[in-house]
Ligand SMILES: *Cc1c(COP(=O)(O)O)cnc(C)c1O
């Protein structure tokens with residue numbers, strides 16, 4: 001068919017090679033390669049500014065940002081979350097010795113359905129861990145209200161929400177903590193990496209300690225910590241990528257708008273919503289296919305794209321609550337909306353280097369699946 005390379009759902013952005021080389025040059029002189037060095041500190045300050053947050057701690061990956069936050073808060077019992085997410089969110093809760101309690105999602109923006117949270121609160125509930133899935137903003141004000149009435153912590157999985165704003169305010173300004181992923185496939189990346197943004201200096205200090213073996217100076221450890229530090233080479237990659245982030249998001253916007261123009265109004269296709277008061281980051285372009293109306297189901301569309309060497313992904317299918325490691329742990333049918341969406345959603349390729357021509361080709365193939 002087309003004379004083009006295979007198209008994947010995402011493709012990592014990279015700065016110009018020379019820019020990265022210049023950024024890391026000084027490390028050959030300083031020989032300080034990790035342990036909160038110069039690049040780490042510079043990136044931390046720049047992110048604090050870019051994200052508009054009080055405190056931010058850099059860690060080795062997004063998953064650790066969630067585990068460290070749960071540990072640093074000293075939570076116990078149950079955590080209300082959603083199963084419509086990447087494995088990491090649920091695993092982080094379970095690996096921290098906590099019990100996930102699954103809340104259903106909103107059928108329009110796929111974030112936690114806030115009308116169903118209170119019915120799940122018990123005396124064992126200690127926190128709510130919602131996901132800004134696809135960069136869509138959770139109902140932060142309602143969640144804040146529920147949490148304060150029931151004295152619960154709120155930790156956002158903000159892995160998809162880098163740079164997103166709500167009513168002009170950085171997304172990490174909501175909740176007690178927001179956990180970011182800087183994985184290579186995310187909107188902003190440090191190859192592998194992550195961060196916890198929070199409002200409370202004491203929490204920030206505790207996380208900083210936990211990520212470095214719980215050490216206090218050279219002769220004591222006051223916490224049983226592990227190692228989740230971000231090294232200088234990855235911090236340098238972050239510094240380079242941060243210089244280009246606004247351009248990259250602008251390219252994503254143009255592509256996402258083109259997808260929307262081509263697919264909007266196609267009967268049986270539900271697109272990711274444009275949320276009121278939200279400055280989006282265009283992290284992903286998911287579409288839900290209602291087979292009865294569209295005339296083909298999600299798997300048909302996926303197979304047709306694959307036959308053209310275009311690799312969309314079933315983000316997020318299955319629900320994390322359906323993983324074999326959680327067999328017999330959770331009652332099926334608890335989250336019917338999440339289940340229905342997960343069986344019908346397909347995330348189409350979207351990354352800054354994609355072109356409008358390729359988006360057109362993808363849309364032609366998607367629409368050709370209609371019977
Ligand atoms: C990517 C991701 C994570 C984990 O981040 P890593 O940096 O890969 O460890 C957590 N939650 C969600 C929703 C993600 O997409």
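If a/c stays under 1.5 just call it rounded; otherwise compare a/b with b/c (prolate if a/b is bigger, oblate if not). Do that for region 117-227, with a ≥ b ≥ c from the square roots of the Cα gyration tensor eigenvalues.
Taking the square roots of the gyration eigenvalues as a ≥ b ≥ c, region 117-227 is oblate.
Go through 89-99, 171-181, 133-143, 247-257 and give me the packing order, highest mean Cβ count within 10 Å leading.
Top to bottom by mean Cβ count within 10 Å: 171-181, 133-143, 89-99, 247-257.
How much of the DSSP bridge set in region 239-371 is antiparallel, in percent, rounded to the nearest 5?
100
Based on the alpha-carbon gyration tensor of region 200-262 and its eigenvalue square roots a ≥ b ≥ c, which shape applies: rounded if a/c is under 1.5, prolate if not and a/b is larger than b/c, or oblate?
Prolate, because a/c is 1.5 or more and a/b exceeds b/c.
Remind me, what semi-axes does the chain give for its equivalent ellipsoid, largest first in whole Å, using sqrt of 5 times each Cα gyration tensor eigenvalue?
34, 28, 17
Place a label point 7 angstrom from the Cα of residue 254 along the Cα-to-Cβ direction, then list the residues of region 328-369 whose backbone nitrogen is under 17 Å away.
350-361
Could you tell me what percent of the DSSP beta bridges with both partners in region 1-157 are antiparallel, to the nearest 5?
10
Mind checking the full-extension length gain between residue 326 and residue 184? Use 0.36 nm per residue of separation minus the Cα-Cα distance, one decimal, nm.
Full extension from residue 326 to residue 184 adds 48.4 nm.
Please figure out what share of the DSSP beta bridges in the chain is antiparallel and state it in percent, rounded to the nearest 5.
60
Report, in deg cm²/dmol and to the nearest 500, the calculated mean residue ellipticity at 222 nm for the chain, where each DSSP H run with n ≥ 4 adds -39500 (n - 2.57) and the sum is divided by the residue count.
Values: 12 runs with 134 residues, N = 371.
Using -39500 (n - 2.57) per qualifying helix, the result is -11000 deg cm²/dmol.
Take residue 261 and residue 169, extend 7 Å from each Cα along the Cα→Cβ direction, and tell me the distance between the two endpoints in nm.
It is 3.5 nm.
List the relative contact order of region 165-269 as a percent without decimals, with contacts defined as Cα pairs under 8 Å and 6+ residues apart. Mind dumping the intermediate values first?
Working: 106 pairs, mean separation 19.7, N = 105.
RCO, region 165-269: 19 percent.
Show me the ranking of peptides 362-368, 16-22, 206-212, 120-126 by mean Cβ neighbours inside 10 Å, starting with the highest.
Highest-to-lowest ranking by the protection proxy: 206-212, 362-368, 120-126, 16-22.
Students often get this wrong: which residues of region 53-70 have the backbone nitrogen under 15 Å from the point 7 angstrom along Cα-to-C-beta of residue 95?
59-70
What order do you get for 69-80, 214-225 when each peptide is scored by the mean count of other beta carbon atoms within 10 Å, highest first?
Ranked by mean Cβ neighbours within 10 Å, highest first: 69-80, 214-225.
Alpha carbon centre of region 1-68 versus region 290-365: separation in Å?
29
Which length gain, in nm to one decimal place, applies between residue 279 and residue 223 when the Cα-Cα distance is subtracted from 0.36 nm times their residue separation? Don't skip to the end; give the middle numbers.
Numbers: separation 56, 0.36 × 56 = 20.16 nm, distance 3.88 nm.
Once the chain is fully extended between residue 279 and residue 223, it gains 16.3 nm.
Counting only the backbone N, which residues of region 212-239 are under 16 Å from the spot 7 Å out from the Cα of residue 35 toward its beta-carbon?
Under cut-off, by backbone N: 212-221, 227-233.
Since every read-out is calculated from the coordinates, none of them should be taken as a lab result. Worth saying up front: this structure is predicted, and the values here are computed from it rather than measured. Counting neighbours? That spans all protein chains shown, and the Cβs are built from the backbone with ideal geometry, glycine included.
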